[in-house]
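Shown next, in structure tokens, is the structure this report addresses.
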Amino acid sequence: MCALAITRASKRVMNIGHFLKQSADLYPERKAILWGEQSWTWSKFNARVDAACVALARKGIGGDRVLVQSRNSNAMF
């Protein structure tokens, strides 16, 4: 068994939620999702995710993580 200690370089955490918010702040009108003829900008994508979070919270579903199991489709977003 190895007794080496690993020291993290940073305590900051980047997750998909942080990535989405950062992208929406930096590139609000750039296309984030393309699905056939439809497209959504980073700001619209972020707004949809925020709305889904509010809807889940109203149903008592929440916490710091929620798993979504879905086929890849625009309906997921």
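Overview of values
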quantity: L67-E29 FRET efficiency (beta carbon distance; Förster radius 30 Å; 0.05 resolution); calculated: 0.45
quantity: Burial order of peptide ranges 16-24, 65-73, 39-47, 53-61 (average beta-carbon count within 10 Å, highest first); calculated: 39-47, 16-24, 53-61, 65-73
quantity: For region 16-76: rounded, prolate or oblate by the Cα gyration tensor [a/c cutoff 1.5]; calculated: oblate
quantity: Vicinal HN-Hα couplings computed from phi for region 38-48 (Karplus, 6.51 cos²θ - 1.76 cosθ + 1.60; Hz; Gly/Pro x); calculated: 8, 8, 10, 7, 4, 5, 5, 4, 4, 5, 5
quantity: 14 Å Cα-Cα reach of K44 towards aspartates and glutamates, excluding residues that sit fewer than 8 places from it in its own chain; calculated: D25, E29
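Just so you know, all these numbers are worked out from the coordinates, no wet-lab data involved. Everything quoted here is computed from the prediction, not taken from an experiment. Ideal geometry is used to build each Cβ from the backbone, glycine not excepted, and the neighbour counts take in all protein chains shown.
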